[in-house]
Amino acid sequence: MSSEKTLRKLLFSIATLEELGEVLSSQQEFQENMRMSLFSVMGSLPVSKGALFLFDPRKRKLCLEASRGLVLDGDEQIQLTGKMVELLRVRKKAVVAGGSPVRMAPFLKRAGKVFEDVRAEIIMPLNFRGELIGIITLGRKFNGEPFTVEDFDLLGIMANYIAIGIHNQDLFRSLESSNKALRRKASENKKLFRNLEGLYHDTIKALGAAIDAKDPYTRGHSERVACFAEVIAVRLGMNKLHVAAVRIASHLHDIGKIAIDNSVLLKPSRLNEQEMDQIHRHPTISYDILSNIKFPYPDVALIARHHHEWVNGSGYPDRIKMDGLNTGMKVLSLADAFDAMTSDRPYRPALGLDIALKEVWDNVYRQFDPQVSQAFFEIMQDEIEGNVTKPTIIPRIRSRYSPQKIKGLLWKVTQDLSMRPPPAEA
């Protein structure tokens, strides 16, 4: 799959997960939520035929709850044995009709007539905390192409969302006759569903990695920048929501480079004026793409748009000065620039750590915000002196350096910044 096609698919995946989260946490009728959840899964792959079955533990049956693209009686059921329930409730991967492990053969055989009716090519178990919730069956893709590894990964993530959503809705539907303990459990599970950040961020990371893959010199760039930016944001005391926004924007800030020709991105010599214009367009392209996604965090698209602004107003694309930039933009600007300095680029090898640190120091009040810079240098000082258990920035520096030399430099920098007045023109 080409990098551009992968990017488009991952972008669609993020948007789909957002929509699915809204569906499952809404107050609509349960059956309507199940129907919309199934449609979200089918649309993300995409397939024309699909069905969602819920598990009845008392009768040990899978019962049809929703379908699309099929002519069915509506009472399709699959009677399971205890062993089949055990196999399904621990299975985290999809079952492929005609290509699954031998131990799944009895299940596929027993459900053969039903799976034939629903045109099942893929069967995805829905599990939550060791309980079988149901299954989703999917037919062939619209375009006839085989399912990819990325398809199965996305299906697994969406199955987790749906299983938790079903589990929660079951709990809330029974609240009228429940006691306080059940109410508390339901509240905890609802919070768990809303906080499925691990799954969401895995998708964001995959998208960031796909962006970096367009340029071999920036492989891993988005991940490193996200790590640097997050630890700076935390040091500055930003709240969790804004820290998450900075992290997401860091992973996706260069998505606009999908529109930049590789001959420009990989050019080993100085860029001409037209080529520089292309490069300068990527933040606005990033914004245009990201502003169409409903992120659960504030200003993600804007932070990405302004990651090349300078606090003296000489950056791009909008030449905004310090007071017009929010903290997230300033954090990403420094994190991105520092990783660029300490990484190989087509036109130069990575700068030494001491040179990169001096470069940041020299450009405080010009390119970088003083408070953000101070936080960055304090983190570096703590890490180089061994004051933190799990350092974030130092382990990701790929150029050689002398710890003693860096310690001396950082002490000098932090002392200077704490006493340096802002320039008159700022």
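Tabulated results
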quantity	calculated
Positions within the stretch 304-326 being of a type in the set (Val, Ile, Thr) and within 29 Å of Gly352 (Cβ to Cβ), in sequence order	Val311
Check on Val90, of a type in the set (Val, Ile, Thr), assigned by TED's automatic domain parsing to the domain that holds Gly43 and under 32 Å from the mean Cα position of the chain (by Cα)	yes
Options Gly139, Gly112; residue that is modelled with pLDDT of 85 or more and surrounded by 14 or more Cβ atoms within 10 Å (Cβ to Cβ)	Gly139
Residue that is farthest from Pro423 (Cα to Cα), among those in the stretch 273-318 that are at pLDDT below 90 and of a type in the set (Gly, Ala, Ser)	Ser291
Residue pairs meeting the criteria (Cβ under 9 Å; at least 6 apart or on separate chains; first without any contact (Cβ under 8 Å) to a residue 40 or more places away in the chain and under 11 Å from Phe368 (Cα atoms), in the stretch 302-325; second polar (S, T, N, Q) and part of a helix (DSSP H, G or I))	His308/Ser333; Glu309/Ser333
Of all residues making up the stretch 377-419, the number that are farther than 17 Å from Gly352 by Cβ and in contact with a Phe, Trp or Tyr (Cβ under 8 Å, 6 or more places away or on another chain)	5
Condition check for Gly328: among the small types (Gly, Ala, Ser) and more than 16 Å from Arg235 (Cα to Cα)	no
Qualifying residue in the stretch 40-55 (condition: in the same structural domain as Ile135 (by TED's automatic domain parsing), assigned to a helix (DSSP H, G or I) and farther than 28 Å from Val149 by Cβ)	no
Filter pass, Met124 being buried (at least 17 other Cβ atoms within 10 Å of the Cβ), over 22 Å from Ala66 (Cα atoms), assigned by TED's automatic domain parsing to the domain that holds Leu155 and in contact with a Leu (Cβ under 8 Å, 6 or more places away or on another chain)	no
Residue in the stretch 397-405 that is of a type outside the set (Lys, Arg), under 35 Å from the mean Cα position of the chain (by Cα) and within 17 Å of Phe228 (Cα to Cα) present	yes
Conditions (1) part of a helix (DSSP H, G or I); (2) touching a helix residue (DSSP H, G or I) at 6+ places or on another chain (Cβ under 7 Å); number of the one not met by His307	(1)
Matching helices (runs of 4 or more DSSP H) fully within the stretch 337-426 where at least 2 residues are touching a strand residue (DSSP E or B) at 6+ places or on another chain (Cβ under 8 Å) and either closer than 21 Å to Asn326 by Cβ or outside the structural domain of His307 (by TED's automatic domain parsing) (or both)	370-384
Single residue of Ser269, Ser333 found to be in the same structural domain as Ile394 (by TED's automatic domain parsing) and surrounded by fewer than 19 Cβ atoms within 10 Å (Cβ to Cβ)	Ser269
Sole residue being of a type outside the set (S, T, N, Q), surrounded by 13 or more Cβ atoms within 10 Å (Cβ to Cβ) and over 18 Å from Arg235 (Cα atoms), chosen from Tyr365, Tyr347	Tyr365
Residue, surrounded by the fewest Cβ atoms within 10 Å (Cβ to Cβ), within the stretch 234-250, restricted to residues that are under 20 Å from Thr342 (Cβ atoms) and touching a Leu at 6+ places or on another chain (Cβ under 9 Å)	Val246
Number of positions in the stretch 231-282 that are without any contact (Cβ under 8 Å) to a residue 24 or more places away in the chain and under 13 Å from Ile303 (Cα atoms)	1
Whichever residue in the stretch 59-102 is in a helix (DSSP H, G or I) and modelled with pLDDT of 85 or more and, among such residues, is farthest from Asp151 (Cα to Cα)	Gly82
Residue in the stretch 272-304 that is surrounded by the most Cβ atoms within 10 Å (Cβ to Cβ), counting only those that are outside any helix (DSSP H, G or I) and not polar (S, T, N, Q)	Phe295
Flag for Asn326 being modelled with pLDDT under 95 and not basic (Lys, Arg)	no
Flag for Arg103 being more than 18 Å from Gly165 (Cα to Cα) and surrounded by 15 or more Cβ atoms within 10 Å (Cβ to Cβ)	no
Pick from the stretch 350-362, criterion in contact with a Ser or Thr (Cβ under 9 Å, 6 or more places away or on another chain) and within 14 Å of Ile394 (Cα to Cα), ranking: surrounded by the most Cβ atoms within 10 Å (Cβ to Cβ)	Leu353
Residue in the stretch 100-110 that is aliphatic (A, V, I, L, M), within 33 Å of the chain's Cα centre (by Cα), assigned by TED's automatic domain parsing to the domain that holds Ala163 and within 17 Å of Arg140 (Cβ to Cβ) present	no
Members of the stretch 298-315 that are of a type in the set (S, T, N, Q) and closer than 14 Å to Asp288 by Cα	none
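The values are calculated or read from the model by the stated rules, or taken from the named source; none is laboratory data. Since the structure is predicted, the reported quantities are computational estimates derived from the model, not experimental observations. All Cβ positions, glycine included, derive from the backbone under ideal geometry; neighbour counts span all protein chains shown.
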